[in-house]
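Take a look at the structure below.
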Amino acid sequence: VFSCPPAVTSPCKILKCNSEFWAATSGSHHLGAAVEEAPEFCTALRAYAHCTRRTARTCRGDLAYHSAVHGIDDLMVQHNCSKDGPTSQPRLRTLPPGDSQERSDSPEICHYEKSFHKHSAAPNYTHCGLFGDPHLRTFTDTFQTCKVQGAWPLIDNNYLNVQVTNTPVLPGSSATATSKLTIIFKSFQECVDQKVYQAEMDELPAAFVDGSKNGGDKHGANSLKITEKVSGQHIEIQAKYIGTTIVVRQVGRYLTFAVRMPEEVVNAVEDRDSQGLYLCLRGCPVSQQIDFQTVRSAQASEGRARRKGPSLPAPPEAFTYETATAKCREKLPVEDLYFQSCVFDLLTTGDVNFMLAAYYAFEDVKMLHSNKDKLHLYERTRVLTPGNTAPTGTHPTLWVALLCLCWLCLL
């Protein structure tokens with residue numbers, strides 16, 4: 001069984017603190033907790049504070065850490081918790097249905113479709129996804145394979161910011177995958193407080209960094225909610241106040257991201273000059289893009305992945321082009337770009353989890369994309385002359401006809 005080598009990750013362990021606090025208080029909500037549960041909640045809160053202090057030195061520049069520290073202080077004051085006392089983590093009992101966390105009387109402004117489009121046509125939704133080594137599908141249905149090592153913005157608009165960090169999959173390789181994800185939901189009217197969600201390898205919390213699962217203290221807090229679909233593997237965030245759904249998965253050791261968002265929200269930016277900097281809208285910079293078709297052709301002929309430049313060492317479990325194709329066909333029978341990205345990743349990394357990443361990325365597209373005719377994406381057709389590219393969507397038969405016509409013109 002193939003096992004990836006350890007990747008370089010941050011020594012900051014704030015996510016572990018967040019997860020432990022949520023495990024101690026899951027099933028309850030601090031705003032709706034019964035009076036007799038207050039001592040147990042304070043005990044869990046002190047344990048949370050103690051955990052953050054232990055990791056303070058390595059978390060100085062981490063946004064999630066600072067958000068957690070401020071959140072703990074606020075909760076201490078709200079619940080009259082003493083900073084001195086026991087720090088064990090008892091599990092609070094589950095509250096019955098009808099808890100205040102499930103209140104449904106949110107203001108209309110906190111439901112995007114009701115507030116923004118009450119007297120007009122339904123909004124036009126768009127989709128963006130990032131998965132694998134990494135492969136990007138933009139809001140405009142452009143599909144790219146990129147390097148983008150380090151931290152990069154995926155989304156940056158008036159309502160939320162999403163940033164991913166990509167790290168090398170193998171030593172000495174330009175193949176990268178997403179090892180960390182940070183999502184910041186900005187405070188919005190009477191709907192939600194600012195909330196930060198952060199995930200990284202082996203840590204996929206089912207709560208925001210402050211331990212909550214909804215938008216906070218405001219009346220429309222439930223217009224922002226986290227739902228755990230599969231423990232440690234799959235969470236979904238519903239932000240109804242901006243009509244947005246986000247899916248985050250951990251597949252193998254790495255993360256995938258998918259979002260469904262109205263065009264109006266996608267384009268809601270104050271600084272148009274900075275809008276082009278985020279990947280979901282503009283795609284990867286040209287310098288960071290990989291010529292997928294050229295590399296795939298080399299893979300088919302050489303039997304394993306070769307990037308442009310110096311040859312890379314063979315991955316621990318080397319797939320041939322034929323075995324990679326057969327493996328990907330098990331989950332992706334249509335030979336579209338999701339299938340091709342699966343083959344690419346198996347040849348590049350040797351890790352079968354990348355096949356599952358491509359599979360789940362397409363499953364998310366089926367759930368989130370509003371145009372079912374655009375689920376599958378295919379490569380652009382190239383003209384026979386090397387270096388020339390046919391326009392997207394041009395049928396090969398038409399190009400043959402045009403070439404024949406040009407040949408007749410020369411006779």
## Note on the structure
Nearest-0.05 FRET efficiency for K374 and H219 at R0 = 45 Å, using Cβ-Cβ distance, is 0.75
### Message
Give me, ordered by chain and number, the residues 5 or more places off V169 or on other chains with an amide H under 5 Å from its own placed amide H.
### Response
A175, T176, A177
### Task
Would you pull out the residues with amide H under 5 Å of H234's amide H, same chain only if 5 or more places away, H placed 1.01 Å from N?
K229, Q250
### Task
Provide the packing ranking of 185-194, 132-141, 340-349, 243-252, i.e. peptides ordered by the mean count of other C-beta atoms within 10 Å per residue, highest first.
340-349, 132-141, 243-252, 185-194
#### Entry: segment 135-210 - Rg over Rh from alpha carbon coordinates, Kirkwood radius
1.04
### Query
Per-residue HN-Hα couplings for segment 227-244, Karplus 6.51 cos²θ - 1.76 cosθ + 1.60 at θ = phi - 60°, whole Hz, x for Gly and Pro?
10, 8, 8, 9, 4, x, 10, 7, 10, 10, 10, 9, 10, 5, 5, 10, x, 10
### Task
Take the Cα gyration tensor of segment 108-288, multiply each eigenvalue by 5, square-root it, and list the three semi-axes largest first, rounded to whole angstrom.
27, 20, 13
### Message
How large is the Rg to Rh ratio of segment 180-227 when both quantities use alpha carbon positions and Rh follows Kirkwood?
### Response
0.99
### Query
Roughly how many percent of the accessible protein surface of segment 108-288 is carbon and sulfur, given a 1.4 Å probe and a whole-percent answer?
45
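What accessible area per residue comes out for segment 117-231, rounded to a whole number of Å², with a 1.4 Å probe?
So segment 117-231 comes to 33 Å² accessible per residue, rounded to a whole number.
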### Message
Can you give me the % of accessible surface on segment 317-358 that is carbon or sulfur? Probe 1.4 Å, all protein chains present, nothing else counted.
### Response
57
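The values are calculated or read from the model by the stated rules, or taken from the named source; none is laboratory data. If you're wondering where the values come from, they're calculated on a predicted model, not measured in any experiment. All Cβ positions, even for glycine, are placed from backbone atoms using ideal geometry, and neighbour counts span all protein chains on display. Quick note on the areas: whole protein, heavy atoms, side chains included, nothing else; ligands and nucleic acids left out. Shrake-Rupley method; radii C 1.70, N 1.55, O 1.52, S 1.80 Å.
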